Amino acid sequence: MAIIITDECINCGACEPECPNNAIYEGGVEWRMSDGTDLNGTITTPMGNTYDSEEEQEPVDMDVYFIVSDKCTECVGFHDEPQCAAVCPVDCCVDDPDHRESDEKLLEKKAFMHL
């Protein structure tokens, strides 16, 4: 499963530097799969999505910070809990019911992004 940031986000930015996968972006900011990862060229993620890892992608949200689900590993393999949720002052980093993954799948995603 991935984490999402709800509309209750106050845009404090505490979560962004905590993400080991660079999966968190400020609202309205374009993102790349290569940001904070070892990915390059055309890639197909473990979730089955294909990207040019260097190509800027449209923001997921224009108003509040957002998490790119293809890059989120819930900090599995890095920390005991999702760091974004641990530092969020308003508890708006929550499980994404639309992206459920086992710890095994999250570790696979981590290995895919970080060679």
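Given the criteria among the charged types (D, E, K, R), over 14 Å from T73 (Cβ atoms) and in contact with a strand residue (DSSP E or B) (Cβ under 7 Å, 6 or more places away or on another chain), does E8 qualify? Spell out the reasoning first.
Details: among the charged types (D, E, K, R): yes; over 14 Å from T73 (Cβ atoms): yes; in contact with a strand residue (DSSP E or B) (Cβ under 7 Å, 6 or more places away or on another chain): no.
The answer is no for E8.
Return the pair list, or none, for Cβ contacts closer than 8 Å from residues in the range 82-104 that are surrounded by 14 or more Cβ atoms within 10 Å (Cβ to Cβ) to residues that are in a strand (DSSP E or B) and not aliphatic (A, V, I, L, M), at least 6 apart or on different chains.
P82/C93; C84/C93; A85/C93
Within the range 1-57, considering only strands (runs of 3 or more DSSP E) that don't extend past its boundaries, which have at least 2 residues that are farther than 13 Å from C84 by Cα?
42-44, 50-52
Considering only residues that are surrounded by 11 or more Cβ atoms within 10 Å (Cβ to Cβ) and either of a type in the set (V, I, T) or modelled with pLDDT under 95 (or both), which ones fall in the range 25-45?
Of everything in the range 25-45, those that are surrounded by 11 or more Cβ atoms within 10 Å (Cβ to Cβ) and either of a type in the set (V, I, T) or modelled with pLDDT under 95 (or both) turn out to be V29, T37, T42, I43, T45.
Of the conditions (1) in contact (Cβ under 8 Å) with a residue 12 or more places away in the chain; (2) over 11 Å from the mean Cα position of the chain (by Cα); (3) part of a helix (DSSP H, G or I), G77 fails just one. Which one is it?
G77 satisfies all of (1) in contact (Cβ under 8 Å) with a residue 12 or more places away in the chain; (2) over 11 Å from the mean Cα position of the chain (by Cα); (3) part of a helix (DSSP H, G or I) except (3).
Show the residue pairs that are 6+ apart or on different chains and have beta-carbon atoms under 7 Å apart, the first residue being within the range 3-16 and touching a residue at least 40 places away in the same chain (Cβ under 8 Å) and under 17 Å from S69 (Cβ atoms), the second being surrounded by 12 or more Cβ atoms within 10 Å (Cβ to Cβ) and of a type in the set (F, W, Y).
Going by the 7 Å Cβ cut-off, the qualifying pairs are I5/Y65; I5/F66; C9/Y65; C15/Y65; E16/Y65.
Consider I10 carefully, then state whether it is among the aliphatic types (A, V, I, L, M) and surrounded by 14 or more Cβ atoms within 10 Å (Cβ to Cβ).
So I10 fails the test.
When you look at D61, is it farther than 15 Å from M1 by Cα, acidic (D, E), buried (at least 17 other Cβ atoms within 10 Å of the Cβ) and modelled with pLDDT of 95 or more, yes or no?
Judged against the criteria, D61 is a match.
Out of the residues in the range 64-74 that are assigned to a loop (DSSP other than H, G, I, E, B) and touching a strand residue (DSSP E or B) at 6+ places or on another chain (Cβ under 7 Å), which is surrounded by the fewest Cβ atoms within 10 Å (Cβ to Cβ)?
Across the range 64-74, the extreme among qualifying residues is V64.
Filter the range 80-115 for residues that are among the acidic types (D, E) and either under 11 Å from the mean Cα position of the chain (by Cα) or assigned to a loop (DSSP other than H, G, I, E, B) (or both); which is nearest to N11 (Cα to Cα)?
Ranking the qualifying residues of the range 80-115, first place goes to D91.
The values are calculated or read from the model by the stated rules, or taken from the named source; none is laboratory data. The structure displayed is predicted, hence computed values, not measured ones. Neighbour counts run over all protein chains shown; Cβ positions are idealised from the backbone, glycine included.
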